[in-house]
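S.K.: Take this structure first; my questions come after.
Rule-based calculations on the coordinates, nothing more; no lab input. These numbers come from a predicted model, not from an experiment. Virtual Cβ from ideal backbone geometry, glycine too; neighbours counted across all protein chains shown.
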Amino acid sequence: MKQFMQYIRNEQGGSAVKVIAIFVIVLLLVGGAAGVYFQYFSNATFTEEQIAEATGVAQNEYAGLSAIAVDYTVDQQQDAITSLGFEENKKDKQTTIYEKKNNNDTDFYILLSVQPHDSFPNLSRTLVQVFDKENRELMYEMDNVVTWKK
C-alpha cells in the first residue's frame, strides 16, 4: 500500500484528489457488482401455490378497498384506507404508499400505492404489491382503478 501511495503522489500535489477518485471508482464498481448480483441472482423461488396465495391476498385487498370506496370521497380516501388496516408509509408529489399493519398472521408484507387519476377526479389508480416477509421479495402485484363516491 505504501508503494501504491508513493506511485500516486507527484511533486505538484494532487495526491489526495487522486486517492479519493480511485477510492470512489472502486466503491462504484463494487456497489454496481453487488447490485447486479442481488437483483438477478436472488435465491428466493416460490411455488405455484405460494404465488396463487399471494394473488388471492392482493385480490382480497383490492376488493376490500373497492367495497369501502363507495362510501368515501377522494378527499376521505386516507381515512378509508387506514380503516382497512393500512398505515401511511411514504408520500411524494402524487403517490401515497400505505403499508398493511397487524399482518403478523400471514407470510406476506403488503404495500398499497394510490395516485389520483389524470382525467377523472373521483378515480384513483392503485397498485397492490404482495411481498414475501422472509425474503422481502415481490411475489405478486396488481394494478387497477378505484372509484370513489362523488
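S.K.: Checking TYR72 against (1) exposed (fewer than 14 other Cβ atoms within 10 Å of the Cβ); (2) part of a loop (DSSP other than H, G, I, E, B): exactly one of these is not met. Which one?
M.R.: Among (1) exposed (fewer than 14 other Cβ atoms within 10 Å of the Cβ); (2) part of a loop (DSSP other than H, G, I, E, B), the lone unmet condition for TYR72 is (1).
S.K.: Which residues, counting only those in segment 75-105, are over 19 Å from the mean Cα position of the chain (by Cα), under 23 Å from GLN50 (Cα atoms) and either of a type in the set (D, E, K, R) or surrounded by 12 or more Cβ atoms within 10 Å (Cβ to Cβ) (or both)?
M.R.: Answer for segment 75-105, where residues must be over 19 Å from the mean Cα position of the chain (by Cα), under 23 Å from GLN50 (Cα atoms) and either of a type in the set (D, E, K, R) or surrounded by 12 or more Cβ atoms within 10 Å (Cβ to Cβ) (or both): just ASP105.
S.K.: If you check THR45, THR55, which single one turns out to be of a type in the set (Ser, Thr, Tyr) and free of Cβ contacts under 8 Å to residues at least 12 places away in the same chain? Full working, then the answer.
M.R.: Working: THR55 fails: free of Cβ contacts under 8 Å to residues at least 12 places away in the same chain.
Result: THR45 is the single residue among THR45, THR55 that is of a type in the set (Ser, Thr, Tyr) and free of Cβ contacts under 8 Å to residues at least 12 places away in the same chain.
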